Amino acid sequence: MDKKSVLVVDDERDICMILSAMLEKKGFDVSVAYSHETAEKIIDEIKNKSIAFIDINLPDGDGYSLATRLKKKSNDAIVYLISARETPEDSDLKQSMADGFISKPFSKKEIFEAINNEEL
């Protein structure tokens, strides 16, 4: 059985390391991107159903466009936008096709509740 894949996109390396460690410990195959450009390359290579946690504010782009790109590539992907500085409007979430929003700082419980609420 294939490991379930998770994409973590955030320019804050600490956030990526924390999320990655939590998720790998639970058996997920985690890909990390610190930039919009790197995330686009990873998204283009995704072949199976995945879940993504994508920061809205990246230095070289925004998380909304990455969420849209991932959903168009894999309609059954689950995408959560994350941010400490911004709470998206419902219309922004809908337009980006994201499945939800998690505010930073987040707890381990919030991350695993998001994953457990989805059929992976």
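A compact table of results
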read-out	value
From phi via Karplus (6.51, -1.76, 1.60), per-residue ³J(HN,Hα) for segment 20-36 in Hz, x at Gly/Pro	4, 4, 4, 6, 5, 4, 8, x, 7, 8, 9, 10, 10, 10, 9, 9, 4
Assigned charges on the beta-carbon of Lys, Arg, Asp, Glu; segment 53-114 dipole about Cα centre (debye)	200
Candidate lysines - alpha carbon under 21 Å from Lys4, same-chain residues fewer than 8 apart omitted	Lys25, Lys26, Lys41, Lys47, Lys49, Lys71, Lys72, Lys73, Lys108, Lys109
Dipole magnitude of the chain about its Cα centre (Cβ charges: Lys, Arg +1; Asp, Glu -1), debye to nearest 20	400
Mean separation of Cα contacts under 8 Å, 6 or more apart, over the residue count of segment 1-72: relative contact order %	36
Value of Rg to Rh for the chain (Rh from inverse mean 1/r over Cα pairs, i.e. Kirkwood)	0.91
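Read-outs throughout are calculated quantities, based only on the coordinates presented, and are distinct from any laboratory measurement. Given the structure is predicted, the values throughout are model-derived calculations rather than measurements. Glycine gets a Cβ as well: all are built from the backbone with ideal geometry, and neighbour counts include every protein chain shown.
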